[in-house]
1. Can you pull the accessible area of B:Phe273 for me, 1.4 Å probe, Å² to the nearest 10?
2. Which percent, nearest 5, of DSSP beta bridges in chain B are antiparallel?
3. Would you mind telling me the antiparallel percentage of the DSSP bridges in the protein assembly as shown, rounded to 5?
4. Mind jotting down a quarter of the surface of the convex hull over the alpha carbons of the range A:104-234, in square nanometres, one decimal?
5. If I ignore ligands, DNA and RNA and count only protein heavy atoms, how much of A:Asp210 is accessible to a 1.4 Å probe, in Å² to the nearest 10?
6. If B:His405, B:His452 are ordered by their accessible area, calculated over protein heavy atoms with a 1.4 Å probe, which sequence runs from highest to lowest?
7. Would you calculate the separation in nanometres between label points at A:Asp428 and A:Ser460, each defined as 7 Å from the Cα along the Cα-to-beta-carbon direction?
8. Give me the percent relative contact order of the range B:375-441, please, defined on Cα pairs under 8 angstrom at least 6 residues apart.
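The values are calculated or read from the model by the stated rules, or taken from the named source; none is laboratory data. This one's a predicted model, so the numbers in the text were calculated from it and none came from an experiment. All Cβ positions, glycine included, derive from the backbone under ideal geometry; neighbour counts span all protein chains shown. We work out accessible area using only protein heavy atoms, side chains counted, and drop any ligands, DNA or RNA first. Shrake-Rupley method; radii C 1.70, N 1.55, O 1.52, S 1.80 Å.
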Number of protein chains: 2
Amino acid sequence: MLSEGTIIALATPQGSGAIGIIRLSGPQAFEKTKLFFKPKGALAWDEIKPNQTLLGNFKMGATLIDEVLVTPFKGPHSYTGEDVIELSCHGSPYILQKVISCFLDEGIAPAKAGEFTLRAYLNKKMDLSQAEAVSDLIASESEEAHRIAIQQMRGGFSKGMEELRQQLIQFKALIELELDFSEEEVNFADKSKLESLLNQLEKEIHLLKDSFAYGNVIKKGVPVAIAGKPNVGKSSLLNALFNEEKAIVSAIAGTTRDTIEDTLIIEGVQFRFIDTAGLRETADVIESIGVAKAKEKVTQARVLLYLYDKATSVTELVSEIDSLYHENLNLILIQNKTDLEPIGLDETFKNELIQKLNPKIKLVSLGISTKVIDSLDPLKKQLLQTVQMLGNNDGLIVNNSRHFHALKHALQAVKNVKTGLQNNLPGDLLSIDLKEAIEHIGSITGVIDTDHDVLGTIFSQFCIGK
Amino acid sequence: MLSEGTIIALATPQGSGAIGIIRLSGPQAFEKTKLFFKPKGALAWDEIKPNQTLLGNFKMGATLIDEVLVTPFKGPHSYTGEDVIELSCHGSPYILQKVISCFLDEGIAPAKAGEFTLRAYLNKKMDLSQAEAVSDLIASESEEAHRIAIQQMRGGFSKGMEELRQQLIQFKALIELELDFSEEEVNFADKSKLESLLNQLEKEIHLLKDSFAYGNVIKKGVPVAIAGKPNVGKSSLLNALFNEEKAIVSAIAGTTRDTIEDTLIIEGVQFRFIDTAGLRETADVIESIGVAKAKEKVTQARVLLYLYDKATSVTELVSEIDSLYHENLNLILIQNKTDLEPIGLDETFKNELIQKLNPKIKLVSLGISTKVIDSLDPLKKQLLQTVQMLGNNDGLIVNNSRHFHALKHALQAVKNVKTGLQNNLPGDLLSIDLKEAIEHIGSITGVIDTDHDVLGTIFSQFCIGK
């Protein structure tokens with residue numbers, strides 16, 4: 001079986017604290033707790049009501065291990081849907097391991113990562129995408145990541161997926177019906193109606209699939225590379241953004257060799273800033289490794305902050321930018337050290353640049369001075385805009401690569417149906433592709449039977465105790 | 001005031017986990033929680049019973065922050081004796097700080113370290129030594145440290161202290177009575193009875209005070225220094241004890257320069273092993289700093305494991321040991337590499353050593369081979385014996401330096417009474433000293449008014465949230 005018997009785990013983080021919570025779930029949770037826990041006062045175990053918190057002694061034989069609070073939850077009215085016991089102990093690592101080992105000696109199994117939530121899924125307390133959202137919720141570090149995770153955990157996402165699946169099911173019924181008739185009498189009006197419905201479905205799946213670009217960077221942080229010639233002020237910009245000395249700054253070109261990375265939350269959105277070695281040919285071995293790494297980091301970035309100063313020529317800038325550009329990149333060109341050049345941005349320079357640059361590159365240019373904190377505000381605003389450009393963030397957001405791939409497969413299947421329809425394929429062939437699309441969408445929430453291996457992979461990414 | 005209003009803190013350790021607990025205590029705990037928490041199902045806040053755990057939504061305005069469990073505890077039936085709310089959230093650092101900040105915005109104060117337990121003390125839910133034991137309990141890392149802390153938290157220690165204080169109070173009443181009469185008619189029989197009572201009290205306080213030697217090492221771990229000439233196998237012994245490669249071992253004398261420290265629990269007692277640089281004159285600057293540090297570590301140790309091998313002469317050994325010896329030190333002399341010298345310990349050598357050694361030094365000698373794990377068993381047994389020699393561990397154990405100093409002062413006061421009695425001092429003078437002894441004992445459990453500064457010092461050593 002996938003998960004059976006009674007399990008136990010520490011539910012709170014490791015370490016010393018005022019309180020540590022140990023959680024048990026399964027058929028033996030209550031009876032095994034009775035072996036060790038004696039409630040204080042008049043209450044005997046038989047009088048104990050579910051969801052009622054009791055103070056008492058946790059004893060191993062005659063030895064008092066701790067004074068604890070115990071809260072029993074009677075299945076199915078619990079997180080896992082099974083009988084659950086929460087033991088609130090003093091947060092001493094010694095006590096917590098002692099309490100857990102008492103239960104392990106009684107044959108209770110240590111919970112595997114995500115096993116409590118796996119049971120909640122198996123007992124239909126939540127569907128698969130909701131279960132996945134629990135893990136995202138715990139890991140969320142920004143307002144926007146939290147918003148997406150909690151929307152998903154609350155079932156908003158599942159509802160959207162189910163609606164999509166129902167539309168596909170109806171369409172499948174329709175196509176089977178229409179095309180059965182079409183053998184007798186070709187009806188172009190109905191075929192074009194089918195095509196328009198299909199286009200609508202394709203568009204919806206496309207939108208959802210594309211929202212992954214947004215959902216994924218929100219979950220993991222938007223990767224922003226800072227690049228430019230040596231000594232143009234990249235590390236100074238990083239330090240100014242973080243308002244602390246993260247990178248060593250000096251007037252010596254080649255000061256930064258390692259890649260320095262850290263996250264910053266701007267208006268609820270997390271950005272991962274990557275300061276890189278200055279891009280130049282160098283004889284210094286360590287520095288040249290740094291330069292290669294810098295170029296690699298730019299290929300993974302969503303946003304490139306390219307810094308230059310007044311001394312740079314348009315030709316130089318164009319060649320550098322062209323060599324770094326890739327199609328997922330939003331380029332923000334920054335003229336630094338405007339405090340030294342109070343004239344601000346040079347419009348002639350900018351116009352010349354736009355003319356010579358690869359026309360695919362949408363250019364945003366700003367002037368900053370890392371010595372004037374306010375001068376970073378337009379940059380922060382620009383960063384937020386590049387994120388908004390990634391996707392509509394009002395509707396459903398896909399932030400899980402398993403969901404993304406399911407949608408991608410579903411989209412391909414729908415496209416196959418479209419081609420088939422245009423080529424007058426018989427209905428039974430079209431419905432094979434449609435069935436596939438329906439199954440892929442269903443696999444997101446787990447309404448179709450989900451493979452044990454897939455479940456194992458999903459839940460092993462959880463922390464122990466959840 | 002020392003502690004007032006409503007306070008809030010995270011009660012579980014920092015970090016991500018399945019569950020994070022936030023605790024509120026004070027008159028506004030319930031009403032402020034109502035602002036954010038809406039229980040699910042039919043239950044309204046007015047129907048909520050104390051000690052009953054409720055599932056519901058924690059919302060900031062329209063924004064759902066988390067699904068949480070809330071358990072209200074109605075004062076005085078709570079940890080602090082005040083109204084207490086425990087909020088069990090998903091263990092996401094983002095959510096936990098968000099929930100706490102909701103309450104801070106409502107004017108709830110962040111709890112200072114130990115403030116929950118301070119309130120429990122101020123509301124007479126526990127006395128001072130019990131409150132201190134809570135902190136010890138959380139920090140306890142071994143069975144014996146846990147046993148002492150839980151005995152103290154359960155009030156066993158307080159009871160012992162109160163009995164002692166009552167004895168002193170009775171004796172004070174007696175001496176005031178007896179010696180008032182003695183001015184009229186000298187009664188030697190009564191005086192000797194007083195003296196015998198006083199001796200009894202002195203002995204009891206002495207025993208308690210001396211138990212600190214045991215209680216303190218149990219709490220902090222018994223410091224065991226490993227010393228000896230270079231390349232005699234000190235690091236090999238450390239590695240064999242820990243059964244892992246803690247220290248770099250080589251055939252080159254002077255391999256260890258830094259002091260390597262780690263704790264090991266042997267049958268419930270924690271030992272702090274300190275591997276030191278080999279003791280020798282050296283030209284290597286870093287090594288010579290290491291040698292000086294090694295000697296310093298030995299002065300702080302309770303047990304010295306002094307290693308030598310067959311090549312060492314008795315004269316050498318005697319001079320080394322004499323130079324390291326101090327009166328708190330238990331010496332265990334270890335002949336290493338017995339696998340290379342299968343003849344075992346040389347009795348002639350041992351006898352000669354005993355004759356020449358400072359007679360104060362009680363010698364325990366063992367032969368080991370770090371290549372034969374079993375050969376360490378006698379050493380472990382010997383280490384446990386040195387701890388048992390530190391004190392009677394059946395009765396009350398003092399493990400807190402504040403209690404130790406209070407007992408020391410009380411003992412001095414009792415000794416003063418004894419001298420005064422022998423010198424026929426009048427009863428009112430004797431009772432001043434007795435009053436002092438009574439106050440010192442009372443300060444341990446806090447039955448006498450305790451200074452705010454003292455309370456501040458005691459509770460500031462707690463973790464936040466307790």
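1. In the full protein context, B:Phe273 sits at about 0 Å².
2. Numbers: 34 of 57 bridges.
The answer is about 60 percent antiparallel.
3. On the way: 69 of 115 bridges.
Around 60 percent antiparallel, to the nearest 5.
4. On the way: hull surface 66.6 nm².
Value for the range A:104-234: 16.7 nm².
5. For A:Asp210, solvent-accessible area is about 80 Å².
6. On the way: B:His405 85, B:His452 110 Å².
Listed by decreasing accessible area, they come as B:His452, B:His405.
7. About 4.1 nm separates the two model spin labels.
8. Values: 28 pairs, mean separation 22.5, N = 67.
About 34 percent, as a whole number.
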